[in-house]
Amino acid sequence: MLSKRIKKQLLIIIVILNSVTLTSQTIKHYEGNIHIDMDKREVIADFTISLDDLSDIDQLKLYIHRSANSLKASSNSKVIPFQILEESFVGEDKAVLIQSKGINNKQLTLKYAYSLDSIQDKRFLYNKDWLELNLYTAWFPFNLDYGFFSYNLNIELPNTYKLIGSGTVSNKENIWEIKQNIPFLDIPLIVSSKLKTIIVAKGKIKIHHLNLDSSSTKALKKSLQLYHNRLNKVLGESNAASLTIAVNRFNRSTSYARKEFISLSIKDSFGVANDKILAHEIAHLWWNKADVNTWEDWLNESFAEYSSVILQRHQYGEANFSKNIEELKKTIKNLPPIYQIKKSNAKYQQVVTYKGAYLLYELENLIGRKAFSTILEKTHQNKIRRTFDLLELIEAEFGSDVKGDVNKKLRE
(Lines give C-alpha, C1' and ligand atoms only; values in the text may rest on other atoms or scores of the structure.)
Protein backbone atom coordinates (compact mmCIF):
# COMPACT_ATOMS: atom_id res chain seq x y z
CA MET A 1 0.00 0.00 0.00
CA LEU A 2 1.35 3.42 -0.91
CA SER A 3 2.24 5.72 1.96
CA LYS A 4 0.78 9.23 2.17
CA ARG A 5 4.19 10.64 1.30
CA ILE A 6 4.54 8.53 -1.85
CA LYS A 7 0.95 9.37 -2.85
CA LYS A 8 1.84 13.06 -2.58
CA GLN A 9 4.91 12.53 -4.75
CA LEU A 10 2.93 10.73 -7.42
CA LEU A 11 0.14 13.32 -7.28
CA ILE A 12 2.62 16.11 -8.03
CA ILE A 13 3.89 14.16 -11.04
CA ILE A 14 0.39 13.39 -12.32
CA VAL A 15 -0.79 17.00 -11.99
CA ILE A 16 2.10 18.22 -14.14
CA LEU A 17 1.86 15.47 -16.75
CA ASN A 18 -1.90 15.80 -17.00
CA SER A 19 -1.52 19.47 -17.86
CA VAL A 20 -0.66 18.32 -21.37
CA THR A 21 -3.39 18.99 -23.94
CA LEU A 22 -1.42 17.82 -26.98
CA THR A 23 -3.67 19.54 -29.53
CA SER A 24 -0.87 19.00 -32.05
CA GLN A 25 2.69 17.80 -32.11
CA THR A 26 4.80 20.95 -32.22
CA ILE A 27 8.19 20.23 -30.61
CA LYS A 28 9.97 17.17 -32.01
CA HIS A 29 13.57 17.36 -30.82
CA TYR A 30 16.14 19.40 -28.86
CA GLU A 31 19.81 19.74 -29.77
CA GLY A 32 21.79 21.49 -27.05
CA ASN A 33 25.25 22.68 -26.13
CA ILE A 34 25.33 23.33 -22.39
CA HIS A 35 28.05 24.62 -20.09
CA ILE A 36 27.55 24.09 -16.35
CA ASP A 37 29.88 26.04 -14.08
CA MET A 38 29.57 24.65 -10.57
CA ASP A 39 31.80 27.35 -9.03
CA LYS A 40 29.96 30.27 -10.63
CA ARG A 41 26.69 28.39 -10.14
CA GLU A 42 25.59 29.11 -13.68
CA VAL A 43 24.27 27.30 -16.73
CA ILE A 44 24.99 28.65 -20.22
CA ALA A 45 22.52 27.05 -22.64
CA ASP A 46 22.31 26.96 -26.42
CA PHE A 47 19.26 24.98 -27.60
CA THR A 48 18.13 24.39 -31.17
CA ILE A 49 14.55 23.17 -31.21
CA SER A 50 13.13 21.23 -34.15
CA LEU A 51 9.45 21.93 -34.67
CA ASP A 52 6.90 19.84 -36.49
CA ASP A 53 3.62 21.64 -37.00
CA LEU A 54 3.18 25.40 -36.76
CA SER A 55 0.13 25.59 -39.04
CA ASP A 56 -2.30 26.22 -36.17
CA ILE A 57 0.02 28.39 -34.08
CA ASP A 58 0.49 32.11 -34.72
CA GLN A 59 2.69 32.50 -31.68
CA LEU A 60 5.06 30.02 -30.11
CA LYS A 61 5.05 30.15 -26.30
CA LEU A 62 7.91 28.58 -24.36
CA TYR A 63 8.44 28.64 -20.60
CA ILE A 64 11.87 29.20 -19.07
CA HIS A 65 13.13 29.96 -15.58
CA ARG A 66 12.54 33.60 -14.69
CA SER A 67 16.24 34.08 -13.92
CA ALA A 68 17.21 33.28 -17.54
CA ASN A 69 19.08 36.31 -18.85
CA SER A 70 21.03 37.37 -21.95
CA LEU A 71 18.24 35.66 -23.86
CA LYS A 72 18.66 35.53 -27.65
CA ALA A 73 16.31 33.97 -30.19
CA SER A 74 17.18 33.15 -33.79
CA SER A 75 16.15 30.95 -36.68
CA ASN A 76 18.68 29.83 -39.30
CA SER A 77 21.17 32.33 -37.84
CA LYS A 78 18.70 35.23 -38.25
CA VAL A 79 17.81 37.07 -35.05
CA ILE A 80 14.08 37.12 -34.36
CA PRO A 81 12.18 39.27 -31.85
CA PHE A 82 10.38 37.90 -28.81
CA GLN A 83 8.25 39.10 -25.93
CA ILE A 84 8.54 38.18 -22.25
CA LEU A 85 5.29 37.51 -20.41
CA GLU A 86 4.95 37.38 -16.63
CA GLU A 87 3.28 34.01 -16.84
CA SER A 88 4.25 30.86 -14.95
CA PHE A 89 3.72 27.13 -15.39
CA VAL A 90 5.85 25.45 -12.70
CA GLY A 91 5.98 28.35 -10.26
CA GLU A 92 9.17 30.28 -10.92
CA ASP A 93 9.29 30.58 -14.68
CA LYS A 94 8.32 33.11 -17.33
CA ALA A 95 6.95 32.78 -20.86
CA VAL A 96 8.82 33.68 -24.04
CA LEU A 97 6.45 34.57 -26.88
CA ILE A 98 7.73 34.29 -30.46
CA GLN A 99 5.81 34.98 -33.68
CA SER A 100 5.67 31.77 -35.72
CA LYS A 101 6.17 33.65 -39.00
CA GLY A 102 9.72 34.50 -37.91
CA ILE A 103 10.69 30.83 -37.63
CA ASN A 104 12.29 29.40 -40.79
CA ASN A 105 12.60 25.73 -41.72
CA LYS A 106 10.97 24.75 -38.41
CA GLN A 107 14.17 25.50 -36.48
CA LEU A 108 14.36 27.78 -33.44
CA THR A 109 17.52 28.56 -31.46
CA LEU A 110 17.42 29.98 -27.93
CA LYS A 111 20.54 31.02 -26.01
CA TYR A 112 20.58 32.21 -22.40
CA ALA A 113 22.31 32.08 -19.03
CA TYR A 114 20.63 30.56 -15.99
CA SER A 115 21.61 31.21 -12.38
CA LEU A 116 21.54 28.08 -10.21
CA ASP A 117 21.27 30.25 -7.09
CA SER A 118 17.95 31.55 -8.39
CA ILE A 119 16.22 28.17 -7.99
CA GLN A 120 13.65 28.64 -5.24
CA ASP A 121 12.00 25.23 -5.38
CA LYS A 122 13.07 23.67 -2.07
CA ARG A 123 13.05 20.21 -3.63
CA PHE A 124 15.84 21.12 -6.06
CA LEU A 125 17.89 23.90 -4.48
CA TYR A 126 21.46 24.19 -5.72
CA ASN A 127 23.71 21.63 -4.08
CA LYS A 128 27.32 21.29 -5.21
CA ASP A 129 27.21 17.59 -4.38
CA TRP A 130 23.93 16.87 -6.19
CA LEU A 131 22.71 19.34 -8.81
CA GLU A 132 19.39 18.14 -10.21
CA LEU A 133 17.80 19.89 -13.19
CA ASN A 134 14.44 18.96 -14.70
CA LEU A 135 11.06 20.31 -15.75
CA TYR A 136 10.34 21.48 -12.19
CA THR A 137 13.31 23.88 -12.31
CA ALA A 138 12.40 25.12 -15.83
CA TRP A 139 16.03 24.89 -16.91
CA PHE A 140 15.18 24.22 -20.57
CA PRO A 141 12.55 25.99 -22.74
CA PHE A 142 9.34 23.93 -22.71
CA ASN A 143 5.62 23.92 -23.29
CA LEU A 144 3.79 20.73 -22.36
CA ASP A 145 1.04 21.54 -24.86
CA TYR A 146 3.52 20.94 -27.67
CA GLY A 147 3.90 17.19 -27.29
CA PHE A 148 6.58 14.62 -26.58
CA PHE A 149 10.15 15.14 -27.77
CA SER A 150 13.57 13.51 -28.03
CA TYR A 151 16.89 15.22 -27.30
CA ASN A 152 20.64 15.13 -27.81
CA LEU A 153 22.74 17.33 -25.52
CA ASN A 154 26.47 17.98 -25.18
CA ILE A 155 27.18 19.17 -21.65
CA GLU A 156 30.48 20.59 -20.47
CA LEU A 157 31.23 19.93 -16.80
CA PRO A 158 34.18 20.44 -14.45
CA ASN A 159 36.65 17.54 -14.67
CA THR A 160 35.70 15.92 -11.35
CA TYR A 161 31.94 15.83 -12.03
CA LYS A 162 29.78 13.07 -13.47
CA LEU A 163 26.41 13.26 -15.24
CA ILE A 164 23.48 10.84 -15.17
CA GLY A 165 19.98 11.19 -16.55
CA SER A 166 17.24 9.83 -18.80
CA GLY A 167 18.88 8.49 -21.93
CA THR A 168 22.19 7.11 -23.12
CA VAL A 169 25.09 8.88 -21.43
CA SER A 170 28.70 8.93 -22.64
CA ASN A 171 31.65 11.22 -22.03
CA LYS A 172 35.03 12.25 -23.36
CA GLU A 173 37.09 14.17 -20.82
CA ASN A 174 34.80 16.92 -19.49
CA ILE A 175 32.20 16.79 -22.31
CA TRP A 176 29.19 14.61 -21.60
CA GLU A 177 26.67 13.56 -24.22
CA ILE A 178 23.15 12.48 -23.31
CA LYS A 179 20.80 11.10 -25.96
CA GLN A 180 17.16 10.22 -25.45
CA ASN A 181 15.36 8.76 -28.48
CA ILE A 182 12.20 7.80 -26.60
CA PRO A 183 9.92 10.87 -26.75
CA PHE A 184 8.84 12.34 -23.43
CA LEU A 185 8.15 15.69 -21.72
CA ASP A 186 11.25 16.33 -19.64
CA ILE A 187 15.05 16.61 -19.76
CA PRO A 188 16.16 15.49 -16.30
CA LEU A 189 19.81 15.26 -15.34
CA ILE A 190 21.91 15.03 -12.19
CA VAL A 191 25.46 16.36 -11.80
CA SER A 192 27.69 15.24 -8.93
CA SER A 193 31.31 14.58 -8.04
CA LYS A 194 30.40 12.22 -5.18
CA LEU A 195 28.18 9.58 -6.76
CA LYS A 196 28.66 5.97 -5.80
CA THR A 197 27.55 3.37 -8.33
CA ILE A 198 26.16 -0.14 -7.93
CA ILE A 199 25.65 -2.37 -10.97
CA VAL A 200 22.83 -4.92 -10.91
CA ALA A 201 21.31 -7.44 -13.35
CA LYS A 202 24.47 -7.88 -15.43
CA GLY A 203 24.75 -4.17 -16.09
CA LYS A 204 21.13 -3.53 -17.12
CA ILE A 205 20.41 -1.64 -13.90
CA LYS A 206 22.72 0.99 -12.45
CA ILE A 207 22.13 2.58 -9.05
CA HIS A 208 23.84 5.92 -8.44
CA HIS A 209 23.52 7.14 -4.88
CA LEU A 210 24.60 9.86 -2.50
CA ASN A 211 24.70 9.63 1.31
CA LEU A 212 22.82 6.32 1.32
CA ASP A 213 23.36 4.16 4.40
CA SER A 214 24.65 0.61 4.00
CA SER A 215 21.38 -1.05 5.06
CA SER A 216 19.41 0.90 2.43
CA THR A 217 22.01 0.12 -0.20
CA LYS A 218 21.80 -3.56 0.63
CA ALA A 219 17.98 -3.61 0.63
CA LEU A 220 17.78 -1.64 -2.61
CA LYS A 221 20.23 -3.90 -4.40
CA LYS A 222 18.47 -7.02 -3.11
CA SER A 223 15.03 -5.87 -4.33
CA LEU A 224 16.31 -4.84 -7.74
CA GLN A 225 18.12 -8.11 -8.29
CA LEU A 226 15.22 -10.15 -6.98
CA TYR A 227 12.62 -8.43 -9.14
CA HIS A 228 14.75 -8.44 -12.25
CA ASN A 229 15.45 -12.17 -11.85
CA ARG A 230 11.79 -12.91 -11.19
CA LEU A 231 10.57 -11.06 -14.30
CA ASN A 232 13.31 -12.61 -16.37
CA LYS A 233 12.19 -16.06 -15.22
CA VAL A 234 8.47 -15.47 -15.80
CA LEU A 235 8.58 -13.37 -18.99
CA GLY A 236 11.93 -14.14 -20.59
CA GLU A 237 14.65 -11.66 -21.53
CA SER A 238 13.69 -7.98 -21.50
CA ASN A 239 14.13 -5.89 -24.64
CA ALA A 240 15.21 -2.67 -22.92
CA ALA A 241 18.85 -1.63 -22.76
CA SER A 242 19.09 -0.24 -19.24
CA LEU A 243 17.58 1.45 -16.22
CA THR A 244 19.32 4.26 -14.33
CA ILE A 245 18.31 4.90 -10.71
CA ALA A 246 19.48 7.93 -8.75
CA VAL A 247 18.89 7.73 -4.99
CA ASN A 248 19.40 10.39 -2.31
CA ARG A 249 18.39 10.90 1.31
CA PHE A 250 17.27 14.53 1.07
CA ASN A 251 13.76 13.57 2.21
CA ARG A 252 12.24 15.94 -0.32
CA SER A 253 8.58 15.71 -1.31
CA THR A 254 9.14 14.50 -4.87
CA SER A 255 10.44 11.34 -6.45
CA TYR A 256 9.78 10.82 -10.14
CA ALA A 257 10.28 8.46 -13.06
CA ARG A 258 11.18 9.24 -16.64
CA LYS A 259 12.06 7.01 -19.56
CA GLU A 260 14.61 4.46 -18.27
CA PHE A 261 15.40 6.77 -15.34
CA ILE A 262 14.24 7.13 -11.72
CA SER A 263 15.08 9.87 -9.25
CA LEU A 264 14.21 8.52 -5.82
CA SER A 265 14.39 10.52 -2.61
CA ILE A 266 13.97 8.57 0.60
CA LYS A 267 13.57 9.69 4.19
CA ASP A 268 15.70 7.54 6.44
CA SER A 269 15.99 4.16 4.80
CA PHE A 270 14.69 2.21 1.82
CA GLY A 271 11.19 0.87 2.53
CA VAL A 272 8.20 -0.96 1.04
CA ALA A 273 6.68 2.16 -0.57
CA ASN A 274 9.98 2.97 -2.30
CA ASP A 275 10.17 -0.68 -3.30
CA LYS A 276 6.79 -0.42 -5.08
CA ILE A 277 7.96 2.48 -7.26
CA LEU A 278 11.12 0.63 -8.19
CA ALA A 279 9.23 -2.58 -9.00
CA HIS A 280 7.03 -0.63 -11.44
CA GLU A 281 10.01 0.92 -13.19
CA ILE A 282 11.94 -2.35 -13.38
CA ALA A 283 8.87 -3.88 -15.06
CA HIS A 284 9.14 -1.22 -17.78
CA LEU A 285 12.25 -3.02 -19.00
CA TRP A 286 9.68 -5.50 -20.35
CA TRP A 287 6.59 -3.33 -20.77
CA ASN A 288 7.65 -0.59 -23.19
CA LYS A 289 6.45 -1.62 -26.65
CA ALA A 290 3.15 0.23 -27.13
CA ASP A 291 2.82 3.75 -28.53
CA VAL A 292 3.24 6.22 -25.65
CA ASN A 293 1.38 8.91 -27.58
CA THR A 294 -1.97 7.08 -27.62
CA TRP A 295 -4.28 5.20 -25.27
CA GLU A 296 -2.37 2.03 -26.21
CA ASP A 297 0.14 3.23 -23.61
CA TRP A 298 -1.99 1.32 -21.09
CA LEU A 299 -0.16 -1.78 -22.40
CA ASN A 300 3.01 -0.23 -21.01
CA GLU A 301 1.80 1.47 -17.83
CA SER A 302 -0.82 -0.90 -16.47
CA PHE A 303 1.24 -4.00 -17.24
CA ALA A 304 4.18 -2.43 -15.40
CA GLU A 305 1.94 -1.41 -12.50
CA TYR A 306 0.29 -4.77 -12.09
CA SER A 307 3.64 -6.50 -12.50
CA SER A 308 4.83 -4.46 -9.52
CA VAL A 309 1.81 -5.63 -7.52
CA ILE A 310 2.58 -9.26 -8.42
CA LEU A 311 6.25 -8.82 -7.58
CA GLN A 312 5.38 -7.46 -4.16
CA ARG A 313 2.88 -10.29 -3.68
CA HIS A 314 5.68 -12.74 -4.31
CA GLN A 315 8.03 -10.83 -1.97
CA TYR A 316 5.73 -9.69 0.87
CA GLY A 317 2.78 -12.08 0.74
CA GLU A 318 -0.99 -12.02 0.32
CA ALA A 319 -1.70 -9.36 2.96
CA ASN A 320 0.46 -6.86 1.07
CA PHE A 321 -1.25 -7.90 -2.17
CA SER A 322 -4.70 -7.30 -0.72
CA LYS A 323 -3.66 -3.84 0.48
CA ASN A 324 -2.34 -2.94 -2.97
CA ILE A 325 -5.54 -4.14 -4.63
CA GLU A 326 -7.70 -2.14 -2.21
CA GLU A 327 -5.58 0.92 -2.99
CA LEU A 328 -6.07 0.34 -6.71
CA LYS A 329 -9.81 -0.05 -6.23
CA LYS A 330 -10.04 3.28 -4.40
CA THR A 331 -7.83 5.05 -6.95
CA ILE A 332 -9.90 4.05 -10.00
CA LYS A 333 -13.28 5.03 -8.55
CA ASN A 334 -15.24 7.16 -11.07
CA LEU A 335 -12.42 7.14 -13.64
CA PRO A 336 -13.39 7.19 -17.35
CA PRO A 337 -12.94 4.14 -19.62
CA ILE A 338 -9.52 3.03 -20.83
CA TYR A 339 -10.69 2.50 -24.41
CA GLN A 340 -9.40 5.30 -26.65
CA ILE A 341 -8.95 7.75 -23.79
CA LYS A 342 -7.31 10.95 -25.02
CA LYS A 343 -4.05 12.25 -23.58
CA SER A 344 -5.81 15.58 -23.13
CA ASN A 345 -8.05 13.97 -20.51
CA ALA A 346 -7.03 15.14 -17.03
CA LYS A 347 -7.43 11.57 -15.75
CA TYR A 348 -5.37 9.98 -18.53
CA GLN A 349 -2.35 8.90 -16.48
CA GLN A 350 -4.47 7.42 -13.71
CA VAL A 351 -6.59 5.53 -16.22
CA VAL A 352 -3.79 3.99 -18.28
CA THR A 353 -1.82 3.09 -15.15
CA TYR A 354 -4.21 2.20 -12.34
CA LYS A 355 -7.50 1.40 -14.02
CA GLY A 356 -5.65 -0.81 -16.48
CA ALA A 357 -3.84 -2.53 -13.62
CA TYR A 358 -7.16 -3.26 -11.89
CA LEU A 359 -8.50 -4.69 -15.16
CA LEU A 360 -5.51 -7.07 -15.22
CA TYR A 361 -6.27 -8.07 -11.62
CA GLU A 362 -9.84 -8.90 -12.66
CA LEU A 363 -8.53 -10.94 -15.61
CA GLU A 364 -6.18 -12.84 -13.30
CA ASN A 365 -9.11 -13.59 -10.98
CA LEU A 366 -11.14 -14.83 -13.94
CA ILE A 367 -8.59 -17.18 -15.52
CA GLY A 368 -6.36 -18.04 -12.55
CA ARG A 369 -2.83 -17.03 -11.66
CA LYS A 370 -1.03 -19.71 -13.66
CA ALA A 371 -2.95 -18.94 -16.84
CA PHE A 372 -2.51 -15.21 -16.28
CA SER A 373 1.25 -15.70 -16.00
CA THR A 374 1.11 -17.37 -19.41
CA ILE A 375 -0.74 -14.38 -20.86
CA LEU A 376 1.93 -12.04 -19.50
CA GLU A 377 4.69 -14.16 -21.00
CA LYS A 378 3.04 -14.42 -24.42
CA THR A 379 2.19 -10.70 -24.46
CA HIS A 380 5.87 -9.93 -23.99
CA GLN A 381 7.23 -12.69 -26.22
CA ASN A 382 4.84 -11.79 -29.07
CA LYS A 383 5.81 -8.12 -28.74
CA ILE A 384 2.18 -7.08 -28.50
CA ARG A 385 1.76 -3.34 -28.81
CA ARG A 386 -1.95 -3.00 -29.68
CA THR A 387 -5.04 -3.81 -27.66
CA PHE A 388 -6.54 -5.54 -30.68
CA ASP A 389 -3.67 -8.06 -30.68
CA LEU A 390 -3.96 -8.59 -26.92
CA LEU A 391 -7.66 -9.38 -27.29
CA GLU A 392 -6.88 -11.81 -30.12
CA LEU A 393 -4.34 -13.54 -27.87
CA ILE A 394 -6.86 -13.80 -25.03
CA GLU A 395 -9.47 -15.27 -27.39
CA ALA A 396 -7.00 -17.82 -28.76
CA GLU A 397 -6.06 -18.93 -25.24
CA PHE A 398 -9.39 -18.71 -23.39
CA GLY A 399 -12.20 -18.20 -25.88
CA SER A 400 -14.51 -15.45 -27.01
CA ASP A 401 -16.31 -15.08 -23.66
CA VAL A 402 -13.13 -14.05 -21.82
CA LYS A 403 -12.16 -11.79 -24.70
CA GLY A 404 -15.61 -10.19 -24.58
CA ASP A 405 -15.36 -9.66 -20.84
CA VAL A 406 -12.01 -7.86 -21.15
CA ASN A 407 -13.26 -5.83 -24.09
CA LYS A 408 -16.29 -4.78 -22.03
CA LYS A 409 -14.15 -3.70 -19.08
CA LEU A 410 -11.97 -1.59 -21.38
CA ARG A 411 -15.08 0.38 -22.31
CA GLU A 412 -16.62 0.73 -18.84
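For LYS204, go through the aspartates and glutamates and keep the ones whose alpha-carbon is under 19 Å away, minus same-chain ones fewer than eight residues off.
GLU237, GLU260, ASP275, GLU281
Once phi is turned into θ = phi - 60°, what whole-Hz ³J(HN,Hα) does the Karplus curve with 6.51, -1.76 and 1.60 give for every residue of the range 166-181, x standing for Gly and Pro?
Residue by residue, the range 166-181 yields 8, x, 8, 10, 9, 8, 9, 6, 9, 9, 10, 10, 10, 10, 10, 8 Hz.
Among all the lysines, which ones have a C-alpha under 20 Å from LYS78's C-alpha, if same-chain residues fewer than 8 places away are not counted?
By straight Cα distance, LYS78 reaches LYS61, LYS101, LYS106, LYS111.
Restricting to Cα pairs below 8 Å that are 6+ residues apart, what does the relative contact order work out to for the chain? Please round to a whole percent. Present the calculation step by step, with values, prior to reporting the outcome.
Details: 800 pairs, mean separation 58.4, N = 412.
14 percent.
For LYS333 and HIS314, calculate 0.36 nm times their separation in residues minus their Cα-Cα distance, and state this gained length in nm to one decimal. Display every interim value, and only then the final one.
Values: separation 19, 0.36 × 19 = 6.84 nm, distance 2.63 nm.
Full extension from LYS333 to HIS314 adds 4.2 nm.
Kindly provide the chymotrypsin sites (Phe, Trp or Tyr not before Pro) of the range 309-363 that DSSP labels as loop, not H, G, I, E or B, and whose Cβ sees at most 15 other Cβ atoms within 10 Å. If you can, show how the numbers build up before the last one.
Numbers: sites: TYR316, PHE321, TYR339, TYR348, TYR354, TYR358, TYR361; in loops: TYR339.
Answer by residue number: TYR339.
Take the Cα gyration tensor of the chain, multiply each eigenvalue by 5, square-root it, and list the three semi-axes largest first, rounded to whole angstrom.
On the way: eigenvalues 275, 138, 66 Å².
The equivalent ellipsoid of the chain has semi-axes of 37, 26, 18 Å.
With Kirkwood's inverse mean 1/r over C-alpha pairs for Rh, give me the Rg to Rh ratio of the range 240-351, two decimals please.
0.97
Give the relative contact order (percent, whole number) for the range 168-260; include only Cα pairs under 8 Å separated by 6+ residues. Kindly include the intermediate steps, with their values, before the conclusion.
Details: 79 pairs, mean separation 26.5, N = 93.
Across the range 168-260, relative contact order equals 29 percent.
Length gain on complete extension for the stretch ASP46 to GLU412, per 0.36 nm per residue less the alpha carbon to alpha carbon distance?
On the way: separation 366, 0.36 × 366 = 131.76 nm, distance 4.75 nm.
Roughly 127.0 nm would be gained on extension.
Please give me the summed charge of the neighbours of LYS409: other residues whose Cβ is under 12 Å from its Cβ, Lys and Arg +1, Asp and Glu -1. Numbers along the way, then the final one.
Values: positive: LYS355, LYS403, LYS408, ARG411; negative: GLU362, ASP405, GLU412.
With Lys, Arg at +1 and Asp, Glu at -1, the neighbours total +1.
Relative contact order for the range 213-299: what is it in percent, counting Cα pairs under 8 Å that are at least 6 residues apart?
Working: 92 pairs, mean separation 25.3, N = 87.
Relative CO of the range 213-299 lands at 29 percent.
Of LEU185, LEU125, which has the most accessible area and how do the rest follow, probe 1.4 Å? It would help to have the intermediate numbers written out before the result.
Values: LEU185 5, LEU125 85 Å².
These residues rank, largest area first, as LEU125, LEU185.
The values are calculated or read from the model by the stated rules, or taken from the named source; none is laboratory data. Quick caveat, the model's predicted, so the values are computed rather than measured. Quick reminder, even Gly has a Cβ in these numbers, built from the backbone with ideal geometry, and neighbours come from all protein chains shown. Note: areas computed on protein heavy atoms with side chains; ligands, DNA, RNA excluded. Shrake-Rupley method; radii C 1.70, N 1.55, O 1.52, S 1.80 Å.
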